Amino acid sequence: MLKVGAAQAVITPKIGCQLFGYTYDTFSESVNDDLTATAITFIDGEKKILAVSATVCEISTDFALEVREKVAEAIGFDFSDIMLSATHTHSGPVTATMEGWGVVDRDYADNIFIPNIIKAAVEAVENVKPAKVGVSVVQSQVGVNRRQLNRENFVDFGQNPWGLYDPNMTFIAIKDEDGKGIVNIIHYGAHCTAAGRNHEISRDWAGIMIDCLERETGTLTAFFNGAEGDVGPRLSNGCTTGDMRYVRELGGIAALDAMNAYRSIKEFRPMELKVAKDKVSLPYKKPLSYEDAKAELSKYPEKPPHNCERMQYVMMEEILEYYNSGKEFPTHKEFDQTVFAIGDIVFVPFPFEFFSEISLRLRDYSKYQYTLGIGCANGVNAYLPSQSELCRGGYEVFMFLYNGVTTLADDSDINIINENLRIMENLK
């Protein structure tokens, strides 16, 4: 029988820390609500998984691997059995190194983040008990496509009423044999940016939703973000950023949707855990020529201080360095993948901020009734747009094109879908 355990730890940074997600000079001045890490252990015979939801913006791939390895050592799992995901609040500390945005805050990482995730993981393993699972889905308008088209047909941040988003909010309630709640899992895809470029530490709108569900159900609740790459919070100001008033407003709406999903669960039953592991391989495009990279670099009189232009500048520097050193450019991006299923619910980690079309297509092609793509999981490699959106440009596409010395192929959306479908075949 499937056994499940869950535990939570506070991972709030010190006031004065740099906040990650906007400009590098944004620092916290107060705590609106504590950040948390929720660890959930699934054990079925020899099969085991630990899923962690950390309420931070994103976690660099190298840093995520470091955390997973340390947690694995503490609980006796393999690092590949651990899924570490970020809810993508922009009101949390720097847990990702990104050129122009900041570097991992090692003081926070070593003294707060890692120790408390280990603490939650150990408690979750110790708390496992036989479990029954219930699941339901509702349609939610908490998110909205944020790639707003202006009069000049260029993409700005805002609300695009014609744009795709994934409306499915999936609620998984896990209870013990006596009907007492072990943990709730909410899955939905939308940026946690309702607070805007604020100076309060916060889990953003998802925190309000989590707190409401914990009060109403009396059960520990975790949020796992989905395809939020092109989806922002649907705020009443017509934007996808605001202030703490909009956090409370949207969080209340999200809580109502989640409670509707919870109340619509019809049955709880034992389920089997299945796990499949393999490598995902995504082709790169041919790199820029030496001459083109040099021409792009010459557009900047000096290295830009931060954000997009700095990423482009550094990419051109690295391309020239590759050519001058004689190193071979990589042809594929590869990463280890662990897909796991509980009954007819399958969890697919994505180390990207991936677009909603990818989520919708993966679910349509999947043999599983509930196919949950988890964004910013086991690291992050910038945005992963759908091929149809590349021609539109915009911030997300820029980040896709200039993240690293080479760029993923234009059809990386279907490539990553097919790679994960191939791995999912080994679950059945």
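Under the combined filter of DSSP loop state and at most 11 neighbouring Cβ atoms within 10 Å, region 292-326 retains these GluC sites (Glu not before Pro): Glu302.
Strictly over 29 Å apart at the Cα level, which of Lys48/Lys279; Lys47/Lys119; Lys175/Lys333; Lys47/Lys285; Lys175/Lys279; Lys48/Lys119 would you flag in this model? Before the final figure, lay out each step's value.
Values: Lys48/Lys279 19 Å; Lys47/Lys119 22 Å; Lys175/Lys333 39 Å; Lys47/Lys285 38 Å; Lys175/Lys279 33 Å; Lys48/Lys119 18 Å.
In this structure, Lys175/Lys333; Lys47/Lys285; Lys175/Lys279 lie more than 29 Å apart at Cα.
Could you work out how much longer the chain between Asn111 and Asp176 gets when fully extended? Use 0.36 nm per residue separation minus the Cα distance between them, nm to one decimal. The partial results should precede the final answer.
On the way: separation 65, 0.36 × 65 = 23.40 nm, distance 3.37 nm.
Gain in length upon complete extension: 20.0 nm.
Placing a label point 7 Å from the Cα of Asn150 along the Cα-to-Cβ direction, the residues of region 372-408 whose backbone N falls under 13 Å of that point are 394-395. Electrostatic bookkeeping for Gly16 treats Lys and Arg as +1 and Asp and Glu as -1; over the other residues with beta carbon under 12 Å from its beta carbon, the sum is -2. Classify region 72-205 as rounded, prolate or oblate, taking a ≥ b ≥ c as the square roots of the eigenvalues of its Cα gyration tensor: rounded when a/c is under 1.5, otherwise prolate if a/b is larger than b/c and oblate if not. Verdict is oblate for region 72-205.
As a test, work out the antiparallel percent of DSSP beta bridges whose residues both lie in the chain, rounded to the nearest 5. Before the final figure, lay out each step's value.
Details: 58 of 78 bridges.
Within the chain, antiparallel bridges account for around 75 percent of the total.
Taking a ≥ b ≥ c as the square roots of the eigenvalues of the Cα gyration tensor, an a/c ratio of 1.5 or more together with a/b no larger than b/c marks region 157-222 as oblate. Considering only Asn324, Asn127, Asn198, the mean-square fluctuation computed in a Gaussian network model of the chain, springs between alpha carbons under 10 angstrom, is largest for Asn324.
Counting only protein heavy atoms and a probe of 1.4 Å, the accessible surface of region 224-269 is 49% carbon and sulfur. Of interest is the spacing of the C-alpha centroids, which for region 49-100 and region 334-358 amounts to 15 Å. Solvent-accessible area per residue in the chain equals 40 Å², computed with a 1.4 angstrom probe and all protein chains kept. Which stretch or stretches of region 267-282 have amide N atoms under 19 Å from the point lying 7 Å from Asp344's Cα along the Cα→Cβ direction? Answer for this model: 267-275.
Ignoring the sites themselves, what is the longest stretch of the chain with no chymotrypsin sites (Phe, Trp or Tyr not before Pro) in a DSSP loop and at most 15 other beta-carbon atoms within 10 Å?
Working: sites that count: Phe154, Trp162.
Longest site-free region, per DSSP loop and neighbour criteria: 163-428.
For Rg/Rh (Cα atoms, Kirkwood Rh), the candidate list reads (1) 1.25; (2) 0.95; (3) 0.99; the entry that matches the value derived from this model is (2). Roughly speaking, what is the centre-to-centre gap between region 230-259 and region 368-400 when only Cα atoms are used, to the nearest Å? So the separation of the two Cα centres works out to 21 Å.
The values are calculated or read from the model by the stated rules, or taken from the named source; none is laboratory data. Since the model is a prediction, treat every value here as computed from it, not as a measurement. With ideal geometry, Cβ positions are generated from the backbone for all residues, glycine too; neighbour counts draw on all protein chains shown. For accessibility, only protein heavy atoms count, side chains too; no ligands or nucleic acids. Shrake-Rupley method; radii C 1.70, N 1.55, O 1.52, S 1.80 Å.
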